[in-house]
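K.L.:
Below are the structure tokens for one structure; questions will follow.
The values are calculated or read from the model by the stated rules, or taken from the named source; none is laboratory data. On a predicted model such as this, the values are computed, not experimentally measured, just so you know. Positions of Cβ are backbone-derived with ideal geometry, glycine not excepted, and every protein chain shown enters the neighbour counts. To get the accessible areas, we keep the full protein, side chains included, count just its heavy atoms, and leave off ligands, DNA and RNA. Shrake-Rupley method; radii C 1.70, N 1.55, O 1.52, S 1.80 Å.
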Amino acid sequence: MKLAWLRAAFGVALGALLSHAAVAQKTQLTVYTALETDQIKAYENGFTRSNPNIELKWVRDSTGVITAKLLAEKANPQADVVMGVAASSLALLDSQGMLQPYAPINLDAIMSQYKDKKNPPDWWGMDVWGATVCFNTVEAQKKNIPKPETWKDLTKPVYKGQIVMPNPASSGTGYFDVVAWLTLWGDDNGKGGGWKYMDALHENIAQYTHSGSKPCNMAAQGEYVLGISFEYRANTNKAKGAPIDLVFPKEGLGWDLEAFGIMKGTTKLDAAKKLADWASSKDAMMLYGKNFAITAQPGVAEPLKNIPADYEKRLVKMDFTTAANNRERILAEWTKRYDAKSEPKK
């Protein structure tokens, strides 16, 4: 009896030891991201199915916050990989020499306009996310407010106090809106037509949020009639039954890429490359295509309900290097002019 007990105890101890050893063998990869929280699990599951020995530790925040965190940690990087962060931010990290060049095995399938031009590249795109205005039809009818068709419409007095949009210093969505307006109507170091447009829009803004999703959520809940946001959140809210229409202003749409890069100096380069290989694969692109109308590999995304068929043609011309190089100046000017209406930071 005693011998049997000892054998059983030894078996339990050995099993625990082997289990611990298996966990210990896993490589933990720290991934900084601005992906929406309701997207992360599907992507993680897709990767770990083929890479069970790599555990992903996500550090998630809005694009501006993640970008600032990465820059602050430049001398002592904490991230191994950046995934699902704006290409304009990755171009900024690239200019600081913070990214590790790597050509994932699926790089050739990614369209040239959606990846870094260097060979091997320092970053490459996963999918496009672009501007959409969420318009609450129920609240608009109550207040007798018409549905806008253009960005210029949003400066009309009828919309005063009814618009929320993301703060570009916190949100990648907010930043690509500002870059788009400056591209459409001119920058000229704070004197161009883009700034005049934002001056007029500011008169109608109720609040600048620190999240790209929040304006659409607020419009969906009826807190405001209009929320300047992006198509994934707009489509998701509408699918859940929110009384919103999606508006794609006729002048052109701001956009950016959710992009991927490996941090220079990571001690887990092999694991980071495996994540890069998966994240650039058709399997991964098919997952991105469930959320976004345009993936970096063509012909993968299925048409999304509520997104116009010519969506890609509506995107303004975007130069990620220019957006990165001018980021500090543009945000300083924007903050000086408009930050008084920003929501308090937590």
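K.L.:
Out of all the residues in the range 152-169, which are in contact with a Lys or Arg (Cβ under 8 Å, 6 or more places away or on another chain) and under 18 Å from D256 (Cα atoms)?
P.N.:
The answer is P166, and nothing else.
K.L.:
Could you list, in sequence order, the residues of the range 34-77 that are under 19 Å from A91 (Cβ atoms) and free of Cβ contacts under 8 Å to residues at least 12 places away in the same chain?
P.N.:
Matches in the range 34-77: A68, A72, E73.
K.L.:
Kindly check whether there is at least one residue in the range 255-275 that is surrounded by fewer than 21 Cβ atoms within 10 Å (Cβ to Cβ) and polar (S, T, N, Q).
P.N.:
For the range 255-275, residues surrounded by fewer than 21 Cβ atoms within 10 Å (Cβ to Cβ) and polar (S, T, N, Q): present.
K.L.:
Still on this structure, I have one more. Would you say A309 is within 23 Å of K118 (Cβ to Cβ) and small (G, A, S)?
P.N.:
No: the conditions fail for A309.
K.L.:
Right, here's the next one. Are there any pairs, at least 6 apart or on different chains, whose C-beta atoms fall under 9 Å, with the first in the range 328-346 and of a type in the set (F, W, Y) and the second part of a helix (DSSP H, G or I) and exposed (fewer than 14 other Cβ atoms within 10 Å of the Cβ), and if so, which?
P.N.:
These pairs meet every condition: Y338/D199.
K.L.:
Moving to a separate point now. Only one of these conditions is not met by P146: (1) within 25 Å of E36 (Cα to Cα); (2) out of contact with any Lys or Arg (no Cβ under 6 Å at 6 or more places or on another chain). Which number is it?
P.N.:
Tallying (1) within 25 Å of E36 (Cα to Cα); (2) out of contact with any Lys or Arg (no Cβ under 6 Å at 6 or more places or on another chain), P146 fails exactly one: (1).
K.L.:
Being open to solvent by 40 Å² or more (accessible area, probe 1.4 Å) and part of a loop (DSSP other than H, G, I, E, B) is the filter; apply it to the range 112-138 and report the residue that is nearest to L304 (Cα to Cα).
P.N.:
Step by step, filter the range 112-138, then rank; the result is K117.
K.L.:
Looking at the range 44-73 only, could you name the residues that are among the charged types (D, E, K, R) and exposed (fewer than 14 other Cβ atoms within 10 Å of the Cβ)?
P.N.:
R49, K57
Listed here are the residues, each with its yes/no results for (1) touching a residue at least 24 places away in the same chain (Cβ under 8 Å); (2) farther than 20 Å from M218 by Cα; (3) touching a Cys at 6+ places or on another chain (Cβ under 7 Å).
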{"position": "I110", "(1), (2), (3)": "yes, yes, no"}
{"position": "P120", "(1), (2), (3)": "no, yes, no"}
{"position": "V128", "(1), (2), (3)": "yes, yes, no"}
{"position": "V138", "(1), (2), (3)": "yes, no, no"}
{"position": "K142", "(1), (2), (3)": "no, no, no"}
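K.L.:
When you check S50 against the structure, is it over 16 Å from A259 (Cβ atoms), touching a helix residue (DSSP H, G or I) at 6+ places or on another chain (Cβ under 8 Å) and modelled with pLDDT under 95, yes or no?
P.N.:
For S50, the condition - over 16 Å from A259 (Cβ atoms), touching a helix residue (DSSP H, G or I) at 6+ places or on another chain (Cβ under 8 Å) and modelled with pLDDT under 95 - is met.
K.L.:
While we're here: Filter the range 100-111 for residues that are part of a loop (DSSP other than H, G, I, E, B) and not β-branched (V, I, T) and give the result.
P.N.:
P101, Y102, A103, P104, N106, M111
K.L.:
Could I ask something else about it? Identify the single condition in (1) assigned to a strand (DSSP E or B); (2) among the β-branched types (V, I, T); (3) more than 15 Å from the chain's Cα centre (by Cα) that V85 does not satisfy, given that it satisfies every other one.
P.N.:
(3)
K.L.:
Going through the range 163-207 one residue at a time, which ones are aliphatic (A, V, I, L, M) and farther than 30 Å from K69 by Cβ?
P.N.:
Selection gives L184, A200.
K.L.:
Here's something else I'd like to know. In the range 321-337, what count of residues is obtained for those that are open to solvent by less than 20 Å² (accessible area, probe 1.4 Å) and either of a type in the set (F, W, Y) or within 14 Å of G186 (Cα to Cα) (or both)?
P.N.:
Residues flagged as open to solvent by less than 20 Å² (accessible area, probe 1.4 Å) and either of a type in the set (F, W, Y) or within 14 Å of G186 (Cα to Cα) (or both) within the range 321-337 amount to 3.
K.L.:
Please count how many residues of the range 1-43 are modelled with pLDDT of 95 or more, open to solvent by 60 Å² or more (accessible area, probe 1.4 Å) and either part of a helix (DSSP H, G or I) or small (G, A, S) (or both).
P.N.:
1
K.L.:
Exactly one condition in (1) buried (at least 17 other Cβ atoms within 10 Å of the Cβ); (2) under 21 Å from the mean Cα position of the chain (by Cα); (3) within 30 Å of L253 (Cβ to Cβ) is false for Q100; which is it?
P.N.:
Here Q100 meets the rest and fails (3).
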